[in-house]
Amino acid sequence: MAEVLVIALVAVLCAGALYTASAARVIRQYERGVVLRLGRLRDDVRLPGLTLVVPGLDRLRKVNMQIVTMPVPAQDGITRDNVTVRVDAVIYFKVVDPTSAVIAVEDYRFAVSQMAQTSLRSIIGKSDLDDLLSNREKLNQGLEVMIDSPAVSWGVQIDRVEIKDVSLPETMKRSMARQAEADRERRARVINADAELQASKKLAQAAGEMSAQPAALQLRLLQTVVAVAAEKNSTLVLPFPVELLRFLERAQQPAAETGHGEPDAPPAPAVPADLLGPAAPPAPPAPPTPSTAPAPARNTPSVPSVPSDADAPTDPAVPSSSEQPFAHH
């Protein structure tokens, strides 16, 4: 009799151990348990630790409450300014309501992934290329709002959405590189022109100060000579005052007004007659040359002849041109 009781007790203990082993469930700290008994949802959500379910009647679904990092596949789209781009992103979300995550949607991970892809395509079509490249923070916020609106009913909260990379065609990259280079060259030219303008103003002020004090120009010239001499080269610097050039220019203006730019030659100096010696005797008159021309008509008036130098009487007091060697230039 005692042996039968012992056997029965051992059987009951074994059955209880098997029941407990089949009914016991362990829920981790970052998980929550949702129990469905005969297909109906139990109101209580199982907390982390050891929990028991009815074997064969209850079904336990564990929901991860951690933040999930899900990459969004790259999406091809056309921006509002008709540029073809390829954009990929990453989304961070977590489950805040395990019951809705199990009951409201079949697979909340797949649903969030598909919603992120469609929202990314939509945000590409509504944005310009410059916004995708420079104003990503605003696009991230808009993308987060677009995904979070339907995800709230699934018991999912979107923490953050980030656009990870924007791929452009090679032709567009070259065009942007040329645009950036041209913009940098334009800014360099503007800066150079601004520097030239400021330098010209400073030089004009310096010229005004030096014109008030002529000695300042001479001091500046001496400083330039010292700077050139400090280089230890063979260059010879000869300062030439500008005032001398202005003096020569003023001197040429009266000469240009009197003639063709050349002053008149001074008259030859007179030579005294005593230095020339005695006057030469006059040359004898030349014998007349017989003429073969016919005699003029009686009624034709005769033209008076002009006496030549040979026929003119010779004044012994005035020397002839042949006897004045000092009068020629």
Query raised in the report: Can you give the extra length, in nm with one decimal, that the chain gains between VAL152 and ARG187 once fully stretched, where that is 0.36 nm per residue apart less the Cα-Cα distance?
Result: 7.6 nm
Query raised in the report: Under a point spin-label approximation (7 Å from Cα along Cα-to-Cβ), what is the MET172-ALA24 distance to one decimal in nm?
Result: 6.0
Query raised in the report: What lysines sit close enough to LYS173 to cross-link, taking a C-alpha to C-alpha distance under 24 Å and skipping anything fewer than 8 places away on the same chain?
Result: LYS126, LYS138, LYS164
Report task. Please give the net charge around MET146, taking every other residue with its beta carbon less than 11 angstrom from that of MET146, where Lys and Arg add +1 and Asp and Glu add -1. Result -> 0
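What shape does segment 78-233 take by its C-alpha gyration tensor, where a ≥ b ≥ c are the square roots of the eigenvalues and a/c under 1.5 counts as rounded, a/b above b/c as prolate, and the rest as oblate? Write down the numbers at each step before the final one.
Values: a/c = 4.85, a/b = 3.74, b/c = 1.30.
It comes out prolate by the Cα gyration axes.
Each reported figure results from applying straightforward, stated rules to the coordinates on display, with no laboratory input. In this text, all values refer to a predicted model and were calculated from it rather than measured experimentally. With ideal geometry, Cβ positions are generated from the backbone for all residues, glycine too; neighbour counts draw on all protein chains shown.
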